[in-house]
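Below: one structure, written as structure tokens.
Please treat every number below as a calculation from the coordinates, not as lab data. Just so it is clear, the structure is predicted and the values come from calculations on it, not from any experiment. A quick note on method: Cβ atoms are made from the backbone with ideal geometry, for glycine too, and the neighbour counts reach across all protein chains shown.
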Amino acid sequence: MGRKGAPLNTPVKKDKFLFLTKDKAYKFPTPPQMHNKGNYIISLGNLGRWLAEQAESLGVEIFPGFAAAEVLYSPEGAVIGVATGDMGLNEAGEKTEAFEPGMELHARQTVFAEGCHGSLTKTLVKKFDLRADSDPQTYALGIKELWEIDPAKHDLGMTLHTIGWPMDNKTYGGSWLYHLENNIVSIGYVVALDYQNPYLSPFDEMQRFKLHPAIKPLLEGGRCVSYGARALVEGGFQSLPKLTFAGGLLIGDTAGFLNVPKIKGNHTAMKSGMVAAESIVAYFDKHTEWGGECESYTANLKTSWIWKELKKVRNIRPGFQRGLWFGLFNAAFETFTMGLAPWTLKNHADHAQLQKASESKEIDYPKPDGIITFDKLTSVQLSNTSHAENQPVHLRLVDPNIPISVNLPEYAEPAQHYCPAGVYEIIKDNAQNYTLQINAQNCVHCKTCDIKDPSQNINWATPQGGDGPNYPNM
Ligand code: SF4
């Protein structure tokens, strides 16, 4: 256990890195960025709960169960805080007897820390044109399960990463497998969202990954106890937006500070929060007005280790746009030259990378066996997802016709494949007419639909209250 009871119980003991083909596994040297000496395998959910206790003991007020649903602006257009969502609206958005209006929280500086692809950050990026001088953000979708395995197979503190199968050479992705305390293994698969085949399903890639001969024996005799999915940012240094604007700033993954070669963003998220706090305190010493811009935050980040760390690895992830082998070669070169190459590779918007269905091959995923592999709805049950039924749908289509008139004929409506919770279903009636059914109650809040929809027609909004997945030890 760490200081003040921090839930740091499992130091990493050894790192392993495998290249997989369909039937074989080859041991590769672990890339330097992926060495975990001195790190701990933890549950981020449990760390977050512990951090909340520390913050509250210092006098910070936390409002769990109230998502920030709206940015508040002054008449001059500066951010002056956020409002939580209204409660007690019915599906049509009308007030019911249980209606309670959202609460306004005002602040001279508002710090946005929404995680990857924040729904409010998306509106701020547009309003303040925060991407005018940066590349588009790029993303991946991570699918995660916790397994309780046979104690005889458990190897406390061991971490394993794989590349290769089941991804083809054009698609960037890989897995992790970490041995936590209490015979628990965290296993997951990450698929970059610049994939091209509209039939690809990251969820089903994860399921078939578990059937590999290097993985399956570990899970046999165990049971899956938890499931979750979440997008993560991959754009790195060249995709960082402008970080400050009138009345507020961005920190953590909503800004895009994840270090992809390390597959870690918690350290940069924490550091950006610390730099933001220090910058705002110093800013308030000199400024008393509302709606100012705390520009020193960006200046202070540029002299912190975050900037250096992200700049050094900026070309590694975009190198994989040209395929696995070029990507590996480029990663070795960039690591050897410590990122000193005079060029910066570009990032491209993920939603624009899909090929037409007519140019793509359908993927025949194996049927779930209910023992090692599962279907989406069984998995969603393990995410403890709950949304009150009578509320406005939180997945909003800008144009309700586009899924059937554009996405289905051109891209086989990829939402029915990429959504890891089976939220989007194409239904064909007796007259051979198609409709899109949105099972919003299953949504695990991964944000992929808001990112990958080729028509950019889906807006993910915060559902009522604290509705959504409830991950106990993830
Ligand atoms: S509906 Fe969208 S945000 Fe929800 S689980 Fe599916 S892809 Fe993720």
Task: Those lysines that a straight Cα-Cα span of less than 18 Å connects to LYS356, excepting residues fewer than 8 apart in one chain - done: LYS170, LYS452
TODO: Quick one: of LYS4/LYS37; LYS37/LYS144; LYS216/LYS311; LYS210/LYS311; LYS271/LYS447, which pairs are farther than 26 Å apart, Cα to Cα?
DONE: LYS216/LYS311; LYS210/LYS311
Open item on the list: For a quick check of your reading of the filter: which GluC sites (Glu not before Pro) in the range 330-422 sit in a DSSP loop and have no more than 16 other Cβ atoms within 10 Å?
Closed with: GLU362, GLU389
Task: Furthest towards positive pole of dipole, THR21, VAL393, PRO64, structure part the chain, Cβ charges - done: THR21
TODO: Excluding ASP168 itself, calculate the net charge of residues whose Cβ lies under 12 Å from the Cβ of ASP168, where each Lys or Arg counts +1 and each Asp or Glu counts -1.
DONE: +2
TODO: List the residues of the range 219-233 whose backbone N lies under 17 Å from a point placed 7 Å from the Cα of ASN9 along the Cα-to-Cβ direction.
DONE: 225-226
TODO: Please compute the net charge surrounding SER74, taking Lys and Arg as +1 and Asp and Glu as -1 over other residues with Cβ under 15 Å from its Cβ.
DONE: -3
- [ ] Order by neighbour count: HIS394, HIS287, HIS161, fewest other Cβ atoms within 10 Å first, most last.
- [x] HIS287, HIS161, HIS394
- [ ] Report the calculated FRET efficiency for ASP168 and TYR26 (r = Cβ-Cβ distance, R0 = 25 Å), to the nearest 0.05.
- [x] 0.90
- [ ] Give the cross-link partners of LYS22 among the aspartates and glutamates, using a straight C-alpha distance below 14 Å as the criterion and excluding same-chain residues fewer than 8 apart.
- [x] ASP168, GLU205
- [ ] Pull out the extension gain between GLN353 and ALA98, defined as 0.36 nm times the separation in residues minus the alpha carbon to alpha carbon distance; nm, one decimal.
- [x] 87.4 nm
Task: For the chain: rounded, prolate or oblate by the Cα gyration tensor [a/c cutoff 1.5] - done: rounded
- [ ] Calculate, for ASP399 and MET1, the FRET efficiency according to 1/(1 + (r/R0)^6) with r their C-beta to C-beta distance and R0 60 Å; round to the nearest 0.05.
- [x] 0.70
Open item on the list: Give the separation of the Cα centroids, the range 288-336 to the range 199-272, in Å.
Closed with: 16
Open item on the list: To make sure I understand, if each residue's beta carbon is the centre and we count other beta carbons within 10 Å, what order do SER74, SER383, SER360 fall in, fewest to most?
Closed with: SER74, SER360, SER383
Task: Residue-averaged 222 nm ellipticity for the chain, from DSSP H runs of 4+ at -39500 (n - 2.57), nearest 500 - done: -6500 deg cm²/dmol
Task: Net +/- balance of residues flanking ASP194 in space, Cβ distance below 11 Å, scoring K and R +1, D and E -1 - done: +1
TODO: Just subtract the alpha-carbon distance of ALA341 and VAL406 from 0.36 nm times their residue separation and send over the number in nm, one decimal.
DONE: 19.2 nm
- [ ] Quick one: dipole size for the chain, taken about the Cα centre, charges +1 on Lys/Arg Cβ and -1 on Asp/Glu Cβ, in debye to the nearest 20.
- [x] 2160
TODO: Report relative contact order for the range 334-474 in percent, whole number only (criteria: Cα-Cα under 8 Å, sequence separation at least 6).
DONE: 32
TODO: Averaging sequence separations of C-alpha pairs under 8 Å and six or more residues apart, then dividing by the length of the chain, give the relative contact order as a whole percent.
DONE: 19
Open item on the list: Cross-link candidates for LYS312: which lysines have Cα within less than 16 Å, leaving aside residues fewer than 8 places away along the same chain?
Closed with: LYS262, LYS264, LYS302, LYS346
- [ ] Scan the range 296-357 for trypsin sites (Lys or Arg not before Pro) in coil per DSSP, keeping those whose Cβ has at most 14 other Cβ atoms within 10 Å, and list them by number.
- [x] LYS346, LYS356
